[in-house]
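*Asks:* The structure is given below, and queries will be raised subsequently.
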Amino acid sequence: MSTIIVDTPVTAGLGKLFSKHGLSLKTVVLFDEHTHDLFGDLLLDTLRKEGFQYRVLVIPAREASKSFSVAYRLYGSMIEEDVDRTWNLLACGGGVVGDLGGFMAASYFRGIPIIQLPTTLLAMTDSAIGGKVAINHPLGKNLIGFFHMPELVLIDPAFLRTLPEREIFAGMAEVVKYGFISDEGFLFFLERHFDDIVALREPWLSEAIRKSAGIKADVVKKDFRETTGLRATLNFGHTFAHGLEKLADYRFLRHGEAVTIGMVCALFLSRNLGFLDENSLQKGLAILGKFRFPRGIVKRRFLDTGDTALLESMLVDKKKFDRKLRFVLLKNLGEAFLFTKDVDDATVLESIANGKEFFRKLKGN
């Protein structure tokens, strides 16, 4: 399993850390344009001082960078720079950089080590952990990829100070998800300290990150290749979310925003199928009601979307089998399970309609 370190500055003593974990001091550093501007000088200066040999790759800071064409171009740069299997790859960025970097590391020379240095809350608590790396296809997100566990996940909460509020709220979706699926006590910790965490106040921020990372790492350890259904519970709300993202062309809606909406719908679906009681539903909705989105985003990307159009978009989701959707549901707050039976379209559409009604009543979005 990966070693996960949460600290500030997390890159202190990087050379010794790499050596301790059997990693060579030859690394390809992958940034996007934003993380290169924000963290490039500091990180590369650290690598120089620590005795690293390195090569730098920079990609556009957009979801479209998770593609075959971008990976193919970067492979070429690595080959021209004589990067071989004795090297590793250090991905410095959010989910796009982490996924693309992991995909390339898993495939280059049939696999080189990947080190994740996440710079967003979503990446720190979700996408950088667990070894699922992928690129997108025009017909769906994350459809082509590998299981390739990172050797190290280096998390520095101070990096989050560079992020706009929208990205913090997007990351909080995955944090709250862990409470819903695994730990009711953590869920209520998040409810109590929600404002502190989104304001990046310590020690609540680091505690939320450590707890989230620990829950995901534990789930991944027990079901790495998603064969028992346990790892699938990490996708609570994601079946709805990926349908929303596809309708938004993977550009106009943050993943965490889609997941927040998706969790609302999934809570209603859990209730509508008779698993979640009304009191638990309302407690869950109260927590999700704390999220804030840019003005109009819910209306344009969810409320104005046809229910049937969203259902059809969900059918492209990578978690479907024979055009049958799989949903992660809750029996209780903190207790999720993968529902393997068919859910009729009418019940799914009812849950979407319930979600829309919730957001219409919610002030502030």
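Since every read-out is calculated from the coordinates, none of them should be taken as a lab result. Just so it is clear, the structure is predicted and the values come from calculations on it, not from any experiment. Cβ sites come from the backbone with ideal geometry, for glycine too, and all protein chains shown count toward neighbours.
*Asks:* Rounded to the nearest 500, what is the chain's calculated 222 nm mean residue ellipticity when only DSSP H runs of at least 4 contribute -39500 (n - 2.57) each, over all residues?
*Replies:* Value at 222 nm, helices only, nearest 500: -14000 deg cm²/dmol.
*Asks:* Which ³J(HN,Hα) values in Hz, rounded to whole numbers, follow from the phi angles of the range 329-339 under the Karplus curve 6.51 cos²θ - 1.76 cosθ + 1.60, where θ = phi - 60° and Gly and Pro get x?
*Replies:* Per-residue couplings from phi come out as 10, 10, 7, 8, 5, x, 9, 9, 8, 8, 7 Hz.
*Asks:* Still on this structure, I have one more. What size of dipole, in debye to the nearest 20, comes out for the range 164-361 about its Cα centre when the only charges are +1 on Lys and Arg C-beta atoms and -1 on Asp and Glu C-beta atoms?
*Replies:* 360 debye
*Asks:* Shifting gears a bit: Where both partners of a DSSP beta bridge lie in the range 3-161, what percent of those bridges are antiparallel, to the nearest 5?
*Replies:* Restricted to the range 3-161, the bridges split so that about 20 percent are antiparallel.
*Asks:* To the nearest 20 Debye, how big is the dipole of the range 3-161 about its Cα centre, given +1 on the beta carbon of each Lys and Arg and -1 on that of each Asp and Glu?
*Replies:* Around 320 debye, computed over the range 3-161.
*Asks:* Taking Cα extents along the principal axes in Å straight from the coordinates, which label in [x] 61, 48, 40; [y] 58, 43, 38; [z] 65, 56, 47 is the correct one?
*Replies:* So the calculated entry is the one marked [y].
*Asks:* Mind checking which of Val10, Ser127, Gly93 is farthest towards the positive end of the range 3-161's charge dipole, using Cβ charges of +1 (Lys, Arg) and -1 (Asp, Glu) about the Cα centre?
*Replies:* Ser127
*Asks:* Nearest 20 debye, what's the magnitude of the dipole of the chain about its Cα centre given +1 on Lys and Arg Cβ and -1 on Asp and Glu Cβ?
*Replies:* 300 debye
*Asks:* Charges on Cβ only, +1 for Lys and Arg, -1 for Asp and Glu, centred on the Cα centroid of the range 113-262; of Leu230, Gly214, Leu253, which one is farthest towards the dipole's positive end?
*Replies:* Among Leu230, Gly214, Leu253, the one farthest towards the positive end of the dipole of the range 113-262 is Leu230.
*Asks:* Taking amide H positions as placed 1.01 Å from N in the peptide plane, with prolines and chain starts having none, which residues 5 or more places from Val56, or on another chain, fall under 5 Å of its amide H?
*Replies:* Val29
*Asks:* How big is D, in µm² s⁻¹, for the range 164-361 by Stokes-Einstein at 25 °C and 0.890 mPa s if Rh is the Kirkwood radius over C-alpha pairs?
*Replies:* Answer from the Stokes-Einstein relation: 146 µm²/s.
*Asks:* Which of rounded, prolate, oblate describes the range 1-136, given a ≥ b ≥ c as roots of the alpha-carbon gyration tensor eigenvalues and a/c under 1.5 marking rounded, otherwise prolate only if a/b is larger than b/c?
*Replies:* It is rounded, given that a/c, with a ≥ b ≥ c, falls under 1.5.
*Asks:* Kirkwood hydrodynamic radius for the range 110-179: how many Å is it when counted over pairs of different Cα atoms?
*Replies:* 13.3 Å is the Kirkwood radius here.
*Asks:* Right, next: Among bridges DSSP assigns within the chain, what percent are antiparallel (round to 5)?
*Replies:* 30 percent
*Asks:* Show me 163-172, 121-130, 135-144 ranked by packing, highest mean number of other Cβ atoms within 10 Å first.
*Replies:* 121-130, 163-172, 135-144
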